[in-house]
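J.: Take this structure first; my questions come after.
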Amino acid sequence: MGKPNTKAFDKLIADGNRRLAAVQRREMSGLTGSERGAILRAGTAVVAKVARHKSPAAAEQKAAETWASAAERIQAEINAANAARAQAIAQAAADTVAKKTKKGGWL
């Protein structure tokens, strides 16, 4: 049979790791459009609160929650890609065993 083709999974995992690193560095490139909007809205709320001499703690907390949820979402995507890759490898191994036992190669 040969080795299973895991290039697509490897690409998803590498892309997810790149996006996760970007989010951990607080770069917008790893975020979805709605997450970018939430971060920008929280930023403008902080500026508005500071301009009115009020506490920006709630807006800063919202931004921190958005960053954390983005990192959690990306980590879940990476975990799912790793699980799918492992499943593809296991399926290829099972197919190899089935093929060899059917031919009588092992038993």
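The values are calculated or read from the model by the stated rules, or taken from the named source; none is laboratory data. What you see is a predicted model, and the numbers here were worked out from it, not measured in a lab. Glycine also receives a Cβ, built like all others from the backbone with ideal geometry; neighbour counts cover every protein chain displayed.
J.: Residues of the stretch 29-45 being more than 24 Å from I78 (Cα to Cα) and either out of contact with any helix residue (DSSP H, G or I) (no Cβ under 6 Å at 6 or more places or on another chain) or surrounded by 17 or more Cβ atoms within 10 Å (Cβ to Cβ) (or both), which ones?
T.: L40, R41, A42, G43, T44
J.: Please determine whether any residue of the stretch 63-85 is more than 21 Å from A21 (Cα to Cα) and of a type in the set (A, V, I, L, M).
T.: Yes, the stretch 63-85 has at least one match.
Yes or no, residue by residue, for (1) small (G, A, S); (2) within 30 Å of A8 (Cα to Cα); (3) touching a strand residue (DSSP E or B) at 6+ places or on another chain (Cβ under 7 Å); (4) at pLDDT below 95:
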| residue | (1), (2), (3), (4) |
| --- | --- |
| W67 | no, yes, no, no |
| Q75 | no, yes, no, no |
| A88 | yes, yes, no, yes |
| T96 | no, yes, no, yes |
| K100 | no, yes, no, yes |
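J.: Another question, then. Show the residue pairs that are 6+ apart or on different chains and have beta-carbon atoms under 8 Å apart, the first residue being within the stretch 88-101 and touching a residue at least 24 places away in the same chain (Cβ under 8 Å), the second being assigned to a helix (DSSP H, G or I) and surrounded by 13 or more Cβ atoms within 10 Å (Cβ to Cβ).
T.: A88/F9
J.: Within the stretch 75-95, identify whether any single residue is of a type in the set (D, E) and exposed (fewer than 12 other Cβ atoms within 10 Å of the Cβ), and answer yes or no. Reasoning before the result, please.
T.: In the first step, residues of the stretch 75-95 are kept if they are of a type in the set (D, E); the result is 77, 95.
Then drop every residue that is not exposed (fewer than 12 other Cβ atoms within 10 Å of the Cβ), which leaves none.
Within the stretch 75-95 (the criterion being of a type in the set (D, E) and exposed (fewer than 12 other Cβ atoms within 10 Å of the Cβ)), the answer is no, since none of the residues qualifies.
J.: Quick check on the stretch 1-28: of everything there that is in a helix (DSSP H, G or I) and of a type in the set (D, E), which residue is surrounded by the most Cβ atoms within 10 Å (Cβ to Cβ)?
T.: D15
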